[in-house]
Amino acid sequence: MTIVADTYRARRDGWQDEAACRDSDIELFFPTDGERGPLRADRERAAKSVCAACPVRLPCLDYALAYGETHGIWGGLTEEERATERRRRRRAAGG
Ligand code: SF4
């Protein structure tokens with residue numbers, strides 16, 4: 001399954017076709033209810049390792065920030081890391 005392409009087909013703009021997560025289990029990228037601690041850390045580490053080799057990591061991250069995705073790993077970043085990146089970009093833009 002290509003996580004981004006299959007989940008957000010209506011918003012497709014091309015880069016999703018190159019996603020390294022194309023054949024990954026979607027559960028690798030999104031937490032299950034109540035997941036925390038070492039289980040969450042292990043899953044996130046595994047997801048990030050897929051993202052690290054993804055040729056569309058930056059477009060994926062930009063997409064998640066643009067659409068306010070608040071759940072899961074996008075562009076190699078967790079929800080919390082994307083919030084930090086969103087603030088960093090806002091500051092850099094003078095906002
Ligand atoms: S950066 Fe990660 S979540 Fe985004 S398309 Fe690539 S592998 Fe999938």
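Using alpha carbons only, the radius of gyration of region 3-92 set against its Kirkwood radius gives Rg/Rh = 0.95. Calculated [222 nm] ellipticity per residue, helices only, for the chain: -14500 deg cm²/dmol; basis is -39500 (n - 2.57) per DSSP H run with n ≥ 4, divided by all residues, nearest 500. Spin-label model, D13 to R88: label points 7 Å out along the Cα-to-beta-carbon direction sit 2.1 nm apart. The listed peptides 51-61, 32-42, ordered by packing as a protection proxy, come out as 51-61, 32-42 (highest mean of other Cβ atoms within 10 Å first). Paramagnetic label reach from S49 (point 7 Å along Cα→Cβ; backbone nitrogen cut-off under 18 Å): within region 73-89, residues 73-78.
Counting only Cβ charges, +1 for Lys and Arg and -1 for Asp and Glu, the dipole size of region 3-92 around its Cα centre is about 560 debye.
Read-outs: derived from the displayed coordinates by stated rules, not from any lab. Remember, it's a predicted structure, so these values are computed and weren't measured experimentally. All Cβ positions, glycine included, derive from the backbone under ideal geometry; neighbour counts span all protein chains shown.
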